[in-house]
1. Take the residues in segment 171-215 that are of a type in the set (A, V, I, L, M) and surrounded by fewer than 19 Cβ atoms within 10 Å (Cβ to Cβ); name whichever of them is nearest to Ile235 (Cα to Cα).
2. Looking only at residues that are touching a Pro at 6+ places or on another chain (Cβ under 6 Å) and assigned to a loop (DSSP other than H, G, I, E, B) in segment 437-489, which one is surrounded by the most Cβ atoms within 10 Å (Cβ to Cβ)?
3. Among the residues of segment 139-161, how many are touching a residue at least 60 places away in the same chain (Cβ under 8 Å) and in a strand (DSSP E or B)?
4. Can you confirm whether segment 335-358 contains a residue that is among the basic types (Lys, Arg), more than 23 Å from the chain's Cα centre (by Cα) and surrounded by fewer than 21 Cβ atoms within 10 Å (Cβ to Cβ)?
5. Does any residue of segment 263-274 turn out to be open to solvent by less than 10 Å² (accessible area, probe 1.4 Å) and modelled with pLDDT under 90?
6. Can Pro370 be described as closer than 30 Å to Gln482 by Cβ, at pLDDT below 90 and of a type outside the set (A, V, I, L, M, F, W, C)?
7. Quickly run through segment 57-72 and pick out the residues that are under 18 Å from Pro474 (Cα atoms) and open to solvent by 80 Å² or more (accessible area, probe 1.4 Å).
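The values are calculated or read from the model by the stated rules, or taken from the named source; none is laboratory data. For clarity, every value in this text was computed on a predicted model and none was experimentally measured. Note that each Cβ is placed from the backbone with ideal geometry, even for glycine, and that neighbours are counted across all protein chains shown. Calculation scope for accessible area: heavy atoms of the full protein, side chains included, ligands and nucleic acids excluded. Shrake-Rupley method; radii C 1.70, N 1.55, O 1.52, S 1.80 Å.
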Amino acid sequence: KSCQTGKISTAETAVQSHTSRDASVQTDQSKDGVQDFQKEVQVDSTSLLSFLQRVEDAVIKELNKNWKSHAFDGYEVNWTDQNETVLCLHTLSYPEAQNQNLQVTSVSWNATGSVVACSYGRLDGGDWSTEKSYVCTWNLDRRGLNPQRPDLVVDVPSSVMCLAFHPSQPSLIAGGLFSGELVVWDTSRTEDPVIWRTGMTDDTHTDPVYQVNWLPDAKHRNHDRLLSVSTDGKILVWREERDGWLALAEGFAVVAQQIPRSTQLKKFAWGEAAVGVTSLSFSHFDPRVFVVGVEGGYSLKCSTAAETLALRRTGSSVPLKAPAELTFSPHAGPVYSVSCSPFHRPVLNLFLSCGTDGQVHLHSLLQTQPLLTLQLSKQYLFCVRWSPVRPLVFAAASGEGNRNKCFRFTGDVHLFDFEKSLQKPALSMKQAVGDCPVYCLEFNIKQTRLLAAGDATGTVKVWQLSSDFTEQGPREMNHLEQLASEIMD
């Protein structure tokens, strides 16, 4: 009823083909041709004005209706072909590390999203080993990429338990060692890449460092600070010093008296005793708030604004404060990983946690009980990460198997999409054939279709995700907000 034109009828008058030939291929036109063309484009202004006045009200009405519509909220045009499959683009490894039976303990993407790095060490036990280890990097955009020959190999005298690229300087990468030390390498310096380190002092961690984060320095814009966490219970913040050293700027300690007593978990004595910290994630809503996972099975909401002293006798050069503000309902075993939602809304102040009980907990920072508990595996979950582009998607790394059979594991990377299911993964990818837990994974923030995962065989796989997992649907933020609100009610 609202068509501007009447129905157009067409008919073929001939079905035979005909032959044509250009008499001239030049575009120059004669003066007569130009005059004819100009005559064709002349407009009857009076009739045009009359037409525009007739349809003005109808056009304005439709424009107003479209302007108020929310049909395309959150929609982004996709100029690439839709891809419904998840592919393994690269299988990266360093044969020398594999010959030593070293495992991939951590993976990280650099600031451009083109370089992936991994650290080698051991996560299945050991002692204060001085066995040589490695940090390796591959530039995935480089021609002639050799998956078994890293672009850079850094020899390290101790197992590297974690690493993190600098958020804006693509060549800087920080690592935490089994010895408790922190080191910063500049990958653009091939001869001597170490530019900062903590050394072994009274301030250094006395247990392995399991996570390291870069923090902006509020006082010095051109400088960054490093945060490290360890199973010695300390959360330490380091600043750059001259001559390549890192000095302790401030520190925190998670102590047992901050955690409620549990009849199920008795891994530490109550009193003034540090509790092992295994993982940490900062809130994207309030930069002072962070969540830690601890060996006792708890997740704790913490704050860098804490003033209460945690330990009276530490031997540290700065006083260690007690950061914990809220204790969340525990897992049935140590928490190995926590991940705060990267999406900004107060009601979406959510985080994920996982651990040895094979469960993923979806929590709000506003209440102690989990909003949702997912029994993903009967075995360990080693890592969980929220998608940087889709509010309803996250990934988890597992080592599944039967504990009674010599702790034999087969590792998977699980992709969850709450839009499809609140209990089951939308897709599970087999990382490797055989007994092989997946220890770490990271989404690529710049090239959002890439996900890197490292496993116990010393292999890093780079997965290319389908558009299902990387393109935000209309009102997806509202969907997550509604989901969280319904569960909380």
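1. We begin by selecting, within segment 171-215, every residue of a type in the set (A, V, I, L, M); these are 172-174, 177, 182-184, 194-195, 200, 209, 212, 215.
Those still in the list that are surrounded by fewer than 19 Cβ atoms within 10 Å (Cβ to Cβ) too: 194-195, 200, 215.
Values: Val194: 23, Ile195: 22, Met200: 16, Leu215: 13 Å.
If we take residues in segment 171-215 being of a type in the set (A, V, I, L, M) and surrounded by fewer than 19 Cβ atoms within 10 Å (Cβ to Cβ), then Leu215 is nearest to Ile235 (Cα to Cα).
2. Pass one, segment 437-489, residues touching a Pro at 6+ places or on another chain (Cβ under 6 Å): 443, 445, 456, 476-477, 480.
Still in the running and assigned to a loop (DSSP other than H, G, I, E, B): 445, 456.
Working: Ile445: 14, Ala456: 25.
Only one residue fits best here, namely Ala456.
3. As a first pass, look at segment 139-161 and keep what is touching a residue at least 60 places away in the same chain (Cβ under 8 Å): 140.
So of that shortlist, the ones also in a strand (DSSP E or B) come out as none.
Residues flagged as touching a residue at least 60 places away in the same chain (Cβ under 8 Å) and in a strand (DSSP E or B) within segment 139-161 amount to 0.
4. Initial filter on segment 335-358 (among the basic types (Lys, Arg)): 345.
Now narrow it down to the ones that are more than 23 Å from the chain's Cα centre (by Cα): none.
No, because not a single residue in segment 335-358 is among the basic types (Lys, Arg), more than 23 Å from the chain's Cα centre (by Cα) and surrounded by fewer than 21 Cβ atoms within 10 Å (Cβ to Cβ).
5. No, that holds for no residue.
6. Details: closer than 30 Å to Gln482 by Cβ: yes; at pLDDT below 90: no; of a type outside the set (A, V, I, L, M, F, W, C): yes.
In short, no.
7. Within segment 57-72, Asn66, Trp67, Lys68, His70, Phe72 qualify.
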